[in-house]
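One structure below.
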Amino acid sequence: MRIQLPEKVSKIINCLTEAGYEAYAVGGCVRDTLLGRTPGDWDITTSAKPAEVKALFGRTIDTGILHGTVTVMLGKEGFEVTTYRIDGEYEDARHPKNVVYTANLLEDLKRRDFTINAMAYNDAEGLIDVFDGIADLKKGVIRCVGDPMDRFGEDALRMLRAVRFAAQLGFSIEEKTRGAIISLAPNLSRISAERIQTELVKLLVSAHPEEMRTVYETGISKVILPEFDAMMEEEQRNPHHCYTVGEHTIHAMCAIRPDKVLRLTMLFHDVAKPVCRTVDEKGIYHYHGHPAKGAQMAHAIFRRLKFDCDTMDRVCRLITWHDDNPPLDEASVRKAVHRAGIEQYPALFLVKRADILAKSKAGQKEKLAYVDAYERMYEEIRRRGDCLTLKELAVSGKDLIGAGIKPGKQIGEILNALLALVLEDPQKNTKEYLMSYTLKNLFI
Ligand SMILES: Nc1ccn([C@@H]2O[C@H](COP(=O)(O)OP(=O)(O)OP(=O)(O)O)[C@@H](O)[C@H]2O)c(=O)n1
């Protein structure tokens, strides 16, 4: 089997082999190329020790020198070249205690996580596939190399990686591998929040976010995202819903495009439902104030998983306003846009549609028609350039001070009162009108 290696990758492999070492493209790049996907990066594995790699190439960076990885720079591109390793005993299901180099490719491949990730290739030898990775690629199976209990014992993150690969590739997890995940999932508590976050996001923005179901069924979410377990276990005894909160959430993620902020919003938009419910005498569940509480809970989850502030802020705002449904008159829509902030639109419409599509079919057409009309009205308001924020108001704090109003809290109060007036009627957004209104009505 032949793989078309990028020119620079061939160059590095040739340079190493001409110097008497072995070298292969390995791991994800081989897997992705065989699947007809474009690899994110090309990793090279070699029998040369890090110092020997450095001696052969002009520009190198000691990326992970302690673990045998040197980045070789060719032009502006960097390629990770890692010495064949047998990882020592793992200390905490995370970090190998010591790295032992080996001269044997097989030893290096044996320590890798899944059969589909344990293939190596160079032009001279062709594909090296000792663990039947090709067969598993064809069958669509994620299977550990060797004993899954050992592989997951070495690095617990691999359990979440298994589900992430299943979600990205549309594969299923082989039974023994799945069984080992169920046994060892509690070890994920020892993995850093950053590593978990990276894998979780890759899973969420994949072609199959419904694999969150596997995250639940294997007991992974119990450890990394217990809030999701509560959602999976929360029935919605309410005529608008035909699923548990968790199942609704999964449908909602599938109904929105694979964007990090949008998928995270759908994942958490109803996170507070299990804690915001009352039951009436007929046994029907009623939810109160769950969007605001949900944003609060999502905020805490984002902090725990060490998400960046921008993602946290955007998702929490979308959660807060996802169920805000103003009457369809322009003044009410302008006020709604002001409440949520214009940055949220049009993402908010995408969220609303996905939420509706993931609920029971009853009344769906009418609800979608409402969102369409809401969006058209919003677009008209934007096209006209109606004032929606303090920034767009025809008077500023400076103007008010210039008219003799004392700097301080009162200025903010007046500006907010003027904005309320203008949101009601955008024609009033002229300096002349607003100043005279202020002096007559607001300047006490
Ligand atoms: N916990 C891990 C992480 C990585 N690997 C091995 O290192 C390779 C490279 O890892 P990484 O770049 O994290 O993943 P990729 O497989 O390249 O996939 P992606 O680029 O989609 O993350 C993997 O293919 C696998 O052989 C492993 O055995 N165990």
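Derivation of every value follows stated rules applied to the coordinates shown; laboratory data play no part. Bear in mind that the values here come from a model prediction, so they are computed numbers and not experimental data. Every residue, glycine among them, receives a Cβ derived from its backbone with ideal geometry; neighbour counts consider all protein chains shown.
Values computed for the structure shown
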{"item": "Residue check for F228: buried (at least 19 other Cβ atoms within 10 Å of the Cβ) and closer than 30 Å to V337 by Cβ", "result": "no"}
{"item": "I44 being more than 15 Å from the ligand (Cβ to nearest atom) and within 24 Å of D132 (Cα to Cα)", "result": "no"}
{"item": "Looking only at segment 136-171, and only at residues there that are free of Cβ contacts under 8 Å to residues at least 60 places away in the same chain and under 17 Å from G36 (Cβ atoms), the one that is nearest to the chain's Cα centre (by Cα)", "result": "Q168"}
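Rundown of residues vs (1) more than 10 Å from the ligand (Cβ to nearest atom); (2) closer than 24 Å to K8 by Cα; (3) not basic (K, R), yes/no style:
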site	(1), (2), (3)
L106	yes, no, yes
R111	no, no, no
D123	yes, yes, yes
A135	yes, no, yes
R143	yes, no, no
D147	yes, no, yes
D150	yes, no, yes
